Amino acid sequence: MLATLLSYVLLYKYPAIFVITFFGAFALPLPSVSVLMAGSAFAVQGYMSFPLVLITGIAGNMAGDSSGYWLVRLYGLKVLDKLHLRRFFSADRLNGARSQIDKHPILTIYFSRFMTGIAPAVNVVCGITRLPYKRFFLFECLGEITECSMFCFIGYIFGSNWEYVSQLSGGFWVILLAGVLMTFMVGRIVFKKK
Amino acid sequence: MNNQHKVKIILQWALLVILTGVLAVSLYIFVGKLETLRLHGYFRARFRHQITAQKITPDQIRDWMTFRYLNMVFGLPPAYLQTALNIKNIHYPNVSLEALAKQQNQNSAQILAKTVTAVKNFASKSVNP
């Protein structure tokens, strides 16, 4: 799939990057991180403009996240009603989930941006619990700017060797997130006991 | 200690065990990939070509690349590959090697090999005109 997407990036440049990052952030499991790294590598080679790759990537991701959030916020509960699944989403449960996200926005919204498989699910939860959009947007925006800048700079630095780095980046983020969560859990268990 | 508190503690320990498992498996896969790259000599090559990372070599040509991109990165004259590969596609150079192979009912590996050879020939002619 990545090969086909890269062909589109070489053919249509920035609109292709926007569409791929948009749908990647919205819900589809697209390798948007690899596309951003490749786009930056093409920029180093003079085929594209690095600032435009970065801005397009951030804009596409933010638009995809916000679309997912608003779609679920406006129609999520109505769809659940039609599917007779509303009973699993009582007001108490939704409020409880919202207050947890509200308490830990960095852990939930910000860090989830680095895990392309998890971010759309977090958008759905934020939308269905009706987390205030301003709060969602702030942390989503900060997360996407950090994520896109980081991967674009990796692509820029490694240039034509981006393919090798791309193989390692997915595993690296799983390790980092699992490590952070483990530290959090250990701290919680140990300090609660004392 | 009431039942609800007990359940909460059990859940926390269960989550910790799951996270430890995820971390261990991820580390195992990550280190395995690093080892594979090391065995393929990637790290040695990486440092050797650090300064020229912005350039690609003919061996790095892939079938998803378009002819316009190849012309640009290798500094080829626009019609060079069209002539060398006898391309009659009207979309040239805005077509990928893979798409061209499909249109011409050829194996993309064949087109790729021909392109690599053509680019290498051009490079050797440029060095020794």
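The values are calculated or read from the model by the stated rules, or taken from the named source; none is laboratory data. Values in this document were obtained by computation on a predicted structure and should not be read as measured data. FYI the Cβ positions are ideal-geometry reconstructions off the backbone, even for glycines, and counts take in every protein chain you see.
Is it the case that the stretch B:60-81 has a residue that's farther than 19 Å from B:Lys125 by Cβ, among the polar types (S, T, N, Q), at pLDDT 70 or above and under 16 Å from the mean Cα position of the chain (by Cα)? For the stretch B:60-81, residues farther than 19 Å from B:Lys125 by Cβ, among the polar types (S, T, N, Q), at pLDDT 70 or above and under 16 Å from the mean Cα position of the chain (by Cα): present.
Restricting attention to the stretch A:153-186 and to residues that are out of contact with any helix residue (DSSP H, G or I) (no Cβ under 8 Å at 6 or more places or on another chain) and at pLDDT 75 or above, the residue that is farthest from the other protein chains (Cβ to nearest Cβ) turns out to be A:Thr183. Specify the residue that is modelled with the highest pLDDT; the eligible residues are those in the stretch A:1-39 that are part of a loop (DSSP other than H, G, I, E, B) and within 14 Å of chain B (Cβ to nearest Cβ). Filtering first and then ranking leaves A:Lys13. Within the stretch A:40-57, the residues that satisfy the criterion of being within 12 Å of another protein chain (Cβ to nearest Cβ) and of a type outside the set (Ser, Thr, Tyr) are A:Ala41, A:Phe42, A:Ala43, A:Val44, A:Gln45, A:Gly46, A:Met48, A:Phe50.
Quick check on the stretch A:64-78. Is at least one of its residues within 14 Å of chain B (Cβ to nearest Cβ) and modelled with pLDDT of 90 or more? No, the stretch A:64-78 contains no residue that is within 14 Å of chain B (Cβ to nearest Cβ) and modelled with pLDDT of 90 or more. The residue of the stretch A:79-114 that is modelled with the lowest pLDDT, among those that are within 17 Å of the chain's Cα centre (by Cα) and either surrounded by fewer than 17 Cβ atoms within 10 Å (Cβ to Cβ) or among the aromatic types (Phe, Trp, Tyr) (or both), is A:Leu107.
Pairs meeting the criteria (first residue in the stretch B:1-26 and at the interface with chain A (Cβ under 10 Å from one of its Cβ atoms) and closer than 27 Å to A:Leu176 by Cβ, second residue surrounded by 10 or more Cβ atoms within 10 Å (Cβ to Cβ) and small (Gly, Ala, Ser), beta carbons under 7 Å, at least 6 apart or on different chains) are B:Leu19/A:Ala178; B:Val22/A:Ala178; B:Leu23/A:Ala178; B:Leu23/A:Gly179; B:Ser26/A:Gly171; B:Ser26/A:Ala178.
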